[in-house]
Structures are given as C-alpha cells and as structure tokens.
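Working notes for the structure below.
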Amino acid sequence: MKKLSDLISKPAFVAATAQKFGYVLGVELSSDFKKLSGIIVVDEESEVEARIDVSDVTVGRDAVFLKSEPTFIEAQHFSSPIGKIVFDKDACSLGRVKDVYLKSSKVVAICTEKLCFLPKNISVSSDSAIFLFGKKPSRKPFDFQNASLQPERLVQITATPSAAVPYRVSAQGRSLIGKIATRDILGLNNELIIKEHEVITQKKLNEAKKHNKLNILFYNCK
C-alpha cells in the first residue's frame, strides 16, 4: 500500500535508455476517483508537462520508470482530490483532502485531517470541492495492514524561542512540489505570487526563489 503524495517529486527515467527525463509533478485519478489512471511528468529543462498512462509506468520506492520517451502533450487538467475541501450533506466542512491511499492502482481510502472515506461515498465533485451525500464515511482511521501507513494525526509543535533552530532550505526545494500553500505568499513588492490552497508547481517554486520567499513557503505548506 502506498500514498499518493509519495509519488510527487520522484525522479522519472526512461527505462530503455536509463536517461533521466524529469520528475513527477502530479498524479491523475479516474473521474470517479476509484483508481490511478496516469501521472504527470515534467521535463526539467523545458518545464513542459506530459501525461503518461499508468500502464506505461513502473513506480518504485525511489524512482519512476517510463516505458518510452514521452511525447510532449501539455497536461491542461488532471483529476486529483488533493487539496479539495470536503462537505457533508449538511454543508459542514470535513476538512481538506491530505492524501490518498492506494493498493496497486486502486484507491483504498481518501483522507482529510478529520476523516477517511471511499470513492463510493462521493456524491459529486468539482475542481474545488467534494460533496459526501452517500453512505456515512468513517471518522476513525482505516485498519491498514501496515500500521505505518495509517493516516497521521495533525500535530503542531511550537518551539520556544530559546530552542528554535534555524532551518536552511535547500536551494532546489524540490520536495515542496505538489504540496499546498496554507497562506498567501507575497513578493518583494507585496504582489501575490502564490495563493492560499494553491498547489506548488516548479514555476511557483521558481517564483518563490526569485522573490527570496522559499523559507516562508517551506513553513507555510502541507
């Protein structure tokens, strides 16, 4: 069993040539969110995105192998629940989707910070929200075979000033790609460069570096 978030930022290699193509920018689920249908890879030099069907990909622990060199077809839109706000039939928020758990390419659970649910619990979804009108979802963590994959509780640790240790964010910051900004990030002239709840892409990462806001972004994303 694996988490959808674990696929983000994995390096992508062409299996036939062992050449590095780029990295995984995002993932695509089927329209009903029941299975993984493809991945979105991006070329490191051109930053052009391409969608690769899941049948043409081998996903390993440390990398992704592509069966052949992708044809650059820019990915205009891909279906992923990550970051979407979830509501019940009474219009009460159930949090935002933090992660999706997969067994092979089948979706086992979709989890927010408050609960887990199955694709069959979804009544309707859009680019910004998911409505749960069907069978009541579980408010307890699913009984995963591997306990280490159970949805973690949200824990916030605030260090005292004397114990605080500065953290140097790497110049590359690749680990931030695919995460979601938890607040607006303003540039050097107070212009908005990254919106709250926006998915961090390579372009947004470059913008944060340009405005020397990488450290702020690092501590304000999930």
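The values are calculated or read from the model by the stated rules, or taken from the named source; none is laboratory data. Everything numeric in this text was worked out from a predicted model, so none of it was measured. Every residue, glycine among them, receives a Cβ derived from its backbone with ideal geometry; neighbour counts consider all protein chains shown. Each accessible area value is taken on the protein alone, full model and side chains, heavy atoms only, with ligands, DNA and RNA left out. Shrake-Rupley method; radii C 1.70, N 1.55, O 1.52, S 1.80 Å.
See the values below:
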quantity: Spacing of the two label points (7 Å from each Cα toward its C-beta) at Leu188 and Asp53, in nm; calculated: 4.7 nm
quantity: Sequence of Arg61, Arg51 from largest to smallest accessible area, 1.4 Å probe; calculated: Arg61, Arg51
quantity: Solvent exposure, largest accessible area first (probe 1.4 Å, DNA, RNA and ligands not counted), of Thr182, Thr58; calculated: Thr58, Thr182
quantity: Beta bridges by DSSP in the stretch 1-73, antiparallel share as percent, to the nearest 5; calculated: 85 percent
quantity: Nonlocal amide H pairs with Ile122, under 5 Å, H built at 1.01 Å; calculated: none
quantity: Calculated on alpha-carbon atoms, Rg and Dmax of the stretch 21-61 in Å; calculated: 10.8, 34
quantity: Unsatisfied cross-links (Cα-Cα over 20 Å) in the set Lys98/Lys195; Lys10/Lys67; Lys89/Lys120; Lys35/Lys114; Lys2/Lys213; Lys2/Lys195; calculated: Lys35/Lys114; Lys2/Lys213; Lys2/Lys195
quantity: The stretch 1-100 - charge dipole about Cα centre, Lys and Arg +1 at Cβ, Asp and Glu -1, debye rounded to 20; calculated: 520 debye
